[in-house]
Amino acid sequence: MSSADELQQELMRVRRNAIELHSSDQVQEAIAKLAFEVTEACSGKVPVFVTIMNGGMIFAAELVKRLDFPLEMDYLHASRYLGATSGGDVEWIVTPNATLEGRHVVIVDDILDVGSTLLSIIEACKAQGAASVKTCVLVDKQHDRKARPGLKADFTALEADDYYLFGMGMDYKGFWRNAPVSYTHLTLPTIYSV
């Protein structure tokens, strides 16, 4: 059996064994509600929405099409995972092209897990002179290992228990970001490096 066949089998096994945490309707309803909150906070500020790639792209696309005010979109790529299932040091791969100085910045990501990546990005935006920095995530994973006690995003669509999650931008070894709902893969323990 080829390595591609083995990978396909592993990925299909993961999907078959996964448990749906939030249905497609629940995800879309939560994003719609969040869009209202973001509109209330950001309308009139001409913000720049900076999406964290690759995880934030699906959520960002679903969110911004519900926002009826002018905004600029950009992206960055910083990761602690790089295709692995446990995190390491934050690695900067691509930085935003937009000028952040004097701008209201909304950082959009798929998940707030430990938060080390998000905190690094917030500090980088502030160092570039952003007028304000807000954070917006699809899922806040509930546990006591946050990089800073009590760390929360400014805008959160959903919460989830402390499982390994994939779907709606969150991935399993770089795959299944395209799943339209959020799943947990209970047979894989969540692993964190400290």
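The values are calculated or read from the model by the stated rules, or taken from the named source; none is laboratory data. Quick caveat, the model's predicted, so the values are computed rather than measured. Glycine also receives a Cβ, built like all others from the backbone with ideal geometry; neighbour counts cover every protein chain displayed. Remember, those area values only see protein heavy atoms, side chains included, never the ligands or the DNA or RNA. Shrake-Rupley method; radii C 1.70, N 1.55, O 1.52, S 1.80 Å.
Applying 1/(1 + (r/R0)^6) with R0 = 35 Å to the Cβ-Cβ distance of residue 19 and residue 144, what FRET efficiency is obtained, to the nearest 0.05?
Efficiency, rounded to the nearest 0.05: 0.95.
Could you calculate the FRET efficiency of residue 68 with residue 119 from 1/(1 + (r/R0)^6), where r is the beta carbon distance between them and R0 is 25 Å, rounded to 0.05?
Using R0 = 25 Å, I get an efficiency of 0.25.
Rounded, prolate or oblate: which one fits the stretch 5-60, using the alpha carbon gyration tensor with axes a ≥ b ≥ c (rounded when a/c is under 1.5, else prolate when a/b beats b/c, else oblate)?
In terms of gyration-tensor shape, oblate.
Using only Cα atoms, tell me the angle between helix 24-42 and the longest principal axis of the chain; keep it within 0 to 90° and round to the nearest 10.
Computed tilt is about 20 degrees.
How many Lys pairs in the chain lie less than 19 angstrom apart by Cα atoms, where the lysines are 8 or more positions apart or on different chains?
14
Find how much the distance from residue 26 to residue 152 grows on full extension, using 0.36 nm per residue of separation minus their present alpha carbon separation; answer in nm with one decimal.
That pair, residue 26 and residue 152, stretches by 43.3 nm at full extension.
Using R₀ = 45 Å, calculate the FRET efficiency as 1/(1 + (r/R₀)^6) where r is the Cβ-Cβ separation of residue 43 and residue 11; round to 0.05.
0.65
For every other residue with a beta carbon closer than 15 angstrom to the beta carbon of residue 17, add +1 if it is Lys or Arg and -1 if Asp or Glu, then tell me the sum.
Computed value for this residue: +2.
Counting pairs of alpha carbon atoms under 8 Å apart in space and at least six apart in sequence, what relative contact order in percent does the stretch 93-194 give?
Dividing the mean separation by the residue count of the stretch 93-194 yields 22 percent.
How would you order 7-13, 39-45, 153-159 from highest to lowest mean count of nearby Cβ atoms within 10 Å?
153-159, 39-45, 7-13
Angle between the Cα long axis of helix 3-17 and the longest principal axis of the chain, 0 to 90 degrees, nearest 10?
80 degrees
Any chance you could run the full-extension gain for residue 178 through residue 94? It's 0.36 nm times the residue separation minus the Cα-Cα distance, nm to one decimal.
Using 0.36 nm per residue and subtracting the Cα-Cα distance, I get 28.1 nm.
Looking only at the chain, where both bridge partners belong to it, what percent of the DSSP beta bridges are antiparallel (to the nearest 5)?
30 percent
Which of these, 96, 149, 47, has the largest mean-square fluctuation under a Gaussian network model of the chain (Cα springs below 10 Å)?
Per the Cα network of the chain with a 10 Å cutoff, 149 tops the list.
Please report Rg over Rh for the chain, where both radii come from the alpha carbon positions and Rh follows the Kirkwood definition.
Dividing the radius of gyration by the Kirkwood radius yields 0.97.
Lys and Arg at +1, Asp and Glu at -1: add these up for the other residues within a Cβ distance under 10 Å of residue 51 and post the number.
-3
In the stretch 91-194, which trypsin sites (Lys or Arg not before Pro) fall in coil by DSSP and have 14 or fewer other Cβ atoms within 10 Å?
Here the trypsin sites (Lys or Arg not before Pro) that fit, given the DSSP loop and packing criteria, are 145, 152.
On the accessible surface of the stretch 1-68, probed at 1.4 Å, how many percent belong to carbon and sulfur atoms?
Looking at the stretch 1-68 in its full context, I get 49 percent from C and S.
Can you tell me which of 55-63, 110-118, 23-31 comes out highest on packing, and rank the rest after it, using the mean Cβ neighbours within 10 Å?
The densest-packed peptide leads the list: 110-118, 55-63, 23-31.
Taking only protein heavy atoms into account and a 1.4 Å probe, give the accessible area per residue of the chain in Å².
The answer is 50 Å² per residue.
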